[in-house]
Amino acid sequence: MRPRDIRRRETVDLQQEVVRLREEIFHHRFRGQSEEKVDRGMVRKHRRDIARINTVLRERSLGINKALEAEAGKGK
């Protein structure tokens, strides 16, 4: 997921996405313990997506997001 795509989504939707990704990581770990072949890179990818989403949510709570959008608009 790209930060640009994350910023376009609603806050509630992003919070639900974090919950979904955490559940997916949780279930993925259980599949790994049951000796099924699992994709190790998926956990890393989801953890990074969660970090990106949490960063955007924190920007919104601090009001930083509006300043970033204004700067992005100037560059176009």
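Within the range 1-14, residues that are assigned to a loop (DSSP other than H, G, I, E, B) sit with their Cβ atoms under 6 Å from residues that are at pLDDT 85 or above, at 6+ positions apart or across chains, in these pairs: MET1/ASP49. Is it the case, given these coordinates, that ILE64 is at pLDDT 85 or above and among the β-branched types (Val, Ile, Thr)? When the stated conditions are applied, ILE64 does not pass them.
Looking across the range 30-44, the residues that are in a helix (DSSP H, G or I), surrounded by 12 or more Cβ atoms within 10 Å (Cβ to Cβ) and modelled with pLDDT under 85 come down to ARG31, GLY32.
The values are calculated or read from the model by the stated rules, or taken from the named source; none is laboratory data. Just so it is clear, the model here is predicted, and its values are computed rather than measured. Using ideal geometry, Cβ is built from the backbone for each residue, glycine included, and neighbour counts are taken over all protein chains shown.
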